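Chemist: Would you mind keeping the following structure in view while I ask a few things?
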Amino acid sequence: MLAHELRRRMAALRVVGEVIGLARDGAADLDRMLGVLLGELDDLDRLAREVLDGAGDDGGGATVDVVPAVSAAARTVATARGAAVEVRAPGGPVPVKASATMLRQAVENLLDNAARYTDAGPVEVEVRPEPDGGVVDVVVADHGPGPGGTDGGRGRPGNGLGLFLVRRFLDAAGGHAWVAERPGGGSVVGIRLPLARQATALGDAVNT
């Protein structure tokens, strides 16, 4: 799995490098491409370390904050797709037990699919912690044709490697996913993860 992902990252870096090489006039475009390049290099470094440590196959055992992972995924997709991505998240940390790299990659895949198939308006992603239930939802909404709609033969979101990565990550992290129609048109895709113990304990303390 990670071998395929490493190859995908390397292909993305090759394209970015070619674009940077051709960018002679627009400084803003050059800065944007450099940002993508640095982000991809960071991800490659993390993926390589996970391959060496074996963490990429079991989901990792560290505690990671969902909010910065979702924000980073949103920035990557917005830059790569030239799409508007709106993030709504709590101001404080939302910790889960998971691989930070695989969490970000799963959210990137959901956002990338949403940006690819949306017809109008921004892609929306929201982090919804539920301390009482001991879970957090990451919900992605688009303005595309919806789960049962058509998209000109391009195929619905979530096919291929992207869906496989999301499923593999959720299996390792003890989570699950769902898909629904978005009121007013489009799709809503959510992933639910168990909160780390300190998060649920904090929720219990606040509600006593």
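Chemist: Going residue by residue through the range 70-88, is there one that turns out to be closer than 15 Å to GLY190 by Cα and either over 11 Å from the mean Cα position of the chain (by Cα) or open to solvent by 50 Å² or more (accessible area, probe 1.4 Å) (or both)?
Modeler: yes
Chemist: When LYS97 is evaluated against the numbered criteria (1) under 12 Å from the mean Cα position of the chain (by Cα); (2) closer than 12 Å to ALA173 by Cα, which criterion, by number, is the only one it fails?
Modeler: So LYS97 meets the others, but not (1).
Chemist: Specify the residue that is most open to solvent (accessible area, probe 1.4 Å); the eligible residues are those in the range 150-188 that are modelled with pLDDT of 80 or more and closer than 16 Å to ASP119 by Cβ.
Modeler: Among them, the one singled out is GLU181.
Chemist: Counting only residues that are without any contact (Cβ under 8 Å) to a residue 40 or more places away in the chain and in contact with a helix residue (DSSP H, G or I) (Cβ under 9 Å, 6 or more places away or on another chain), which one in the range 111-121 is most open to solvent (accessible area, probe 1.4 Å)?
Modeler: Per the stated criteria, the residue is ALA115.
Chemist: Could you check, for the range 54-71, whether at least one of its residues is among the charged types (D, E, K, R) and modelled with pLDDT under 65?
Modeler: Among the residues of the range 54-71, at least one is among the charged types (D, E, K, R) and modelled with pLDDT under 65, which makes the answer yes.
The values are calculated or read from the model by the stated rules, or taken from the named source; none is laboratory data. Everything quoted here is computed from the prediction, not taken from an experiment. Cβ coordinates were reconstructed from backbone atoms using ideal geometry, including for glycine residues, and neighbour counts include every protein chain displayed. Surface accessibility is based on the protein's heavy atoms, side chains included, excluding ligands, DNA and RNA. Shrake-Rupley method; radii C 1.70, N 1.55, O 1.52, S 1.80 Å.
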